[in-house]
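**Student:** First the structure, then my questions, so here it is.
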Amino acid sequence: MKLRVKHLRKQFTNCLAVSDISFEISTGEITGFVGPNGAGKTTTMRILATIDQCTEGWVDIDGKSILEYPELARKHIGYVPDSLPSNSDMTVHEYLDFFARAYGIKSPKRQKTVESLEEFTNLVGIREKYIDSLSKGMKQRVSICRALINDPDFILMDEPAAGLDPRARIELRELLKILCERNKGIFISSHILSELSEICTSTVIIERGRLLKYGKIDDVVKEVSSNKRIIQLKTIAPNPDLPNKLVLQPLISNISCSGNLIEFEYEGTDVQAAELLSFLVKEGVAIGSFGFKQQNLESIFMNITKGDVQ
């Protein structure tokens, strides 16, 4: 099953929040939604969840528009916002039971559904606690549990790891992997790119509401790497004269130094890189390591975004 976004646009009074972006999400995959603050990620997710309306564009599930048939989104899509609404007078179980009733799940199936999800998301021990008394991590578990009540095919998650401690982030990551194995399509935004790299198969990168890159992470890495390769050179001891030697060499640009580590962009082939290494050795440079820097989601993001906000 696929959730397709085509030429999506959202215009507020004084701001074009989303500008002509297109991508698709598949069940059984985790797609990372990446962009600086103010890039339009939350706006896009709220449109996909049919909370907000787009100005122009199309969103469909296997060819059927959720903009024309919003009840389709409520059947197939679960939404986890960046924060859980305040509910000082409801326990965890009451909150989840309320949404199960809202989805029209009748008893005794409703009771079994809620209890099963409480167990799956490890909420059994706090089911009688009031929501406002919970930690950030526990509130996120409640929010995920609520999003799963109608057994959706797609789950949209807006910064679910924000503010979580390391243990809670690890537990969230493992939970997402299990959901993916159960053939759920996960669309997750996060600023913790190193963690997204570990669990995502695809990525959508936007800035100022515009699509920069979209596709399988491996394909995006290859595309970006072919245009801009970075060599990391680590010397055994500091060598302050080395940058001056490198700047005189062809195919080298954007040299940066940090202690014994030097990085620079290199436009040459692997054979030319080997010749450069041989030259440096002959020049008496004591090299500890030399090689092309492995690109990942974090380095791609830094390479193709400018940090602009709207």
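Laboratory data are not the source of any read-out in this text; all were calculated from the coordinates shown. As the structure is a computational prediction, the values presented were derived from the model and not from experiment. Because the Cβ atoms are built from the backbone with ideal geometry, glycine has one as well, and the counts that use them run over all protein chains shown.
**Student:** Under a 10 Å cutoff between Cα atoms, tell me which one of Pro70, Pro152, Pro240 has the largest fluctuation in the Gaussian network model of the chain.
**Tutor:** Per the Cα network of the chain with a 10 Å cutoff, Pro240 tops the list.
**Student:** Run the helix sum for the chain: -39,500 (n - 2.57) per DSSP H stretch of 4+ residues, divided by residue count, reported at 222 nm to the nearest 500 deg cm²/dmol.
**Tutor:** Result for the chain: -10500 deg cm²/dmol, rounded to the nearest 500.
**Student:** Moving to a separate point now. What is the ratio of the Cα radius of gyration of the chain to 2.2 N^0.38 Å, where N is its residue count, to two decimals?
**Tutor:** In units of the globular-protein estimate, the chain measures up at 1.22.
**Student:** Rounded to the nearest 0.05, what FRET efficiency do Thr269 and Asn296 have when you use their Cβ-Cβ distance and R0 = 35 Å?
**Tutor:** 0.95
**Student:** Further question on the same structure: Can you list, largest first and rounded to whole Å, the semi-axes you get for segment 1-101 by taking the square root of 5 times each eigenvalue of its Cα gyration tensor?
**Tutor:** Equivalent ellipsoid of segment 1-101: 25, 18, 14 Å, largest first.
**Student:** Comparing Leu248, Leu175, Leu16, which has the greatest mean-square fluctuation in the GNM of the chain with Cα pairs linked when under 10 Å apart?
**Tutor:** Leu248
**Student:** Among Asp60, Asp241, rank each residue by its count of other Cβ atoms within 10 Å, from fewest to most, as a rough exposure measure.
**Tutor:** Asp241, Asp60
**Student:** May I ask you to list the GluC sites (Glu not before Pro) in segment 73-143 that are in a DSSP loop and have at most 16 other Cβ atoms within 10 Å of their Cβ?
**Tutor:** Loop-located and lightly packed - Glu128.
**Student:** Another question about this same structure. Can you give me the P(r) profile for segment 228-304? Cα pairs, bins 5 angstrom wide beginning at 0, each as a whole percent.
**Tutor:** Whole-percent P(r) values from 0 Å outward: 3, 15, 29, 28, 15, 8, 2, 0.
**Student:** Please report Rg over Rh for segment 49-146, where both radii come from the alpha carbon positions and Rh follows the Kirkwood definition.
**Tutor:** 1.03
**Student:** Follow-up question, since we're still on this one. Starting from a Cα-only point model with no solvent, please compute log10 I(q)/I(0) by Debye for segment 160-310 at q = 0.10, 0.11, 0.18, 0.20 1/Å.
**Tutor:** -0.50, -0.59, -1.07, -1.18
**Student:** Return the single residue from Asp153, Asp97, Asp62 with maximal mean-square fluctuation; model: Gaussian network over the chain, springs between Cα atoms under 10 Å.
**Tutor:** Of Asp153, Asp97, Asp62, the most mobile in the Gaussian network model is Asp62.
**Student:** Taking the Cβ of Asp20 as the center, what net charge do the other residues with Cβ under 9 Å away carry, scoring Lys and Arg +1 and Asp and Glu -1?
**Tutor:** Here the charged neighbours net out to +1.
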